[in-house]
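Asks: I am attaching a structure below and will ask some questions about it afterwards.
The values are calculated or read from the model by the stated rules, or taken from the named source; none is laboratory data. This is a predicted model, so every value here is computed, not measured. Here the Cβ is made from the backbone with ideal geometry for all residues, glycine too, and neighbour counts use every protein chain on show.
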Amino acid sequence: MDEKCTVCANTIALAPRCIEALEYFISEFSRHRRDKLAYVLGNGQWNQFDFERDVLRPVFATAKHVKIYDRYIGRSLVNSKGGIVRFSDNYKRTLEWMIQVFRDVGGASRGGVFEIYCGIGGRRISSSKRARIRTEMQNFEAAAQAGTGIPVQIFLKQESLNAQCPHGRYLATDQATVLIERGFDLLWDDNTMQAAGLNPAADPRPIRDVAVVLCNNFNAVDAQTRSLPPF
């Protein structure tokens, strides 16, 4: 470049501007990025295709690893009297859907793994009931992996009065962490759909009320969960 060009007005105007790191974090671009993953949805405001388009696909797009943290997935297998119930269709349906979306955006081709962390309350549970709970979870793992090709692992954590899984429910990847604040029983059940005149076998399932927020406290959530003993 000619030396005279270095002082050309156009060259000066078009040159990239260096900015301080702090300036980036308060920039309009940074605010826009945060706002793109912050939604508070009323019951039925979105259906599963809306949620897939605006939340799941952006979060899963380049992820190699997905982790879900929801203590109530495990707790839902034990009723108020300590009896064992089968894995809730509400949780199962939502988790199967999310695993399928992860597969559809190329999760399997990236060697992706889908992990689910949940808790079981501190009440005494016999060894036979523990075995039934583990079998229920293992059956879900096997069916989900067979249907999608995505390795699925469920980690049951033993909770006590003094040590529990985080209350918040999170969807975490190696790229981002999102708070899903109602939990992973997001889709309307068959009865709710039928009451609204929808066909559970054909119509998109609406989303229950939920808040979705991009967050940055994954390390604390993961550490608290991993500190608990296995169930």
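Asks: What helices (runs of 4 or more DSSP H) completely inside segment 115-229 contain at least 1 residues that are over 17 Å from Leu95 (Cβ atoms), among the basic types (Lys, Arg) and touching a Lys or Arg at 6+ places or on another chain (Cβ under 9 Å)?
Replies: The helices (runs of 4 or more DSSP H) meeting that bar are 218-226.
Asks: Any idea which residue in segment 104-113 is farthest from the chain's Cα centre (by Cα), counting only those that are surrounded by fewer than 19 Cβ atoms within 10 Å (Cβ to Cβ) and not in a strand (DSSP E or B)?
Replies: Going through the qualifying residues, I end up with Ser109.
Asks: Which condition does Gln100 not pass, out of (1) closer than 24 Å to Asn47 by Cβ; (2) in contact with a helix residue (DSSP H, G or I) (Cβ under 8 Å, 6 or more places away or on another chain); (3) surrounded by 18 or more Cβ atoms within 10 Å (Cβ to Cβ); (4) not charged (D, E, K, R), if it passes all the others?
Replies: (3)
Asks: With respect to Thr225, determine if the residue is farther than 19 Å from Val40 by Cβ and within 13 Å of the chain's Cα centre (by Cα).
Replies: No: the conditions fail for Thr225.
Asks: Name the pairs whose Cβ atoms lie under 9 Å apart, with the first residue in segment 156-168 and over 10 Å from Ile120 (Cβ atoms), the second of a type in the set (Val, Ile, Thr) and surrounded by 14 or more Cβ atoms within 10 Å (Cβ to Cβ), and 6 or more positions between them or separate chains?
Replies: Partner pairs satisfying both residue conditions: Pro166/Val221; Pro166/Thr225; Gly168/Ile180; Gly168/Val221.
Asks: Let me ask another. What are the pairs with Cβ atoms under 7 angstrom where one residue, in segment 200-228, is modelled with pLDDT under 90 and the other, located anywhere, is of a type in the set (A, V, I, L, M, F, W, C)? Sequence gap at least six, or different chains.
Replies: Matching pairs, first to second residue: Cys215/Val178; Cys215/Leu179; Phe218/Ala172.
Asks: Continuing with this model, one more query. Among the numbered conditions (1) in contact with a Ser or Thr (Cβ under 8 Å, 6 or more places away or on another chain); (2) among the small types (Gly, Ala, Ser); (3) crowded, with 18+ Cβ neighbours inside 10 Å, tell me where Gly183 comes up short.
Replies: Answer for Gly183: the failing condition is (1).
Asks: Restricted to segment 39-81, and to residues that are more than 14 Å from the chain's Cα centre (by Cα) and among the small types (Gly, Ala, Ser), which residue is surrounded by the fewest Cβ atoms within 10 Å (Cβ to Cβ)?
Replies: Only one residue fits best here, namely Ser80.
Asks: Determine, yes or no, whether Gln145 is free of Cβ contacts under 8 Å to residues at least 12 places away in the same chain, surrounded by 13 or more Cβ atoms within 10 Å (Cβ to Cβ) and either polar (S, T, N, Q) or touching an Asp or Glu at 6+ places or on another chain (Cβ under 9 Å) (or both).
Replies: yes
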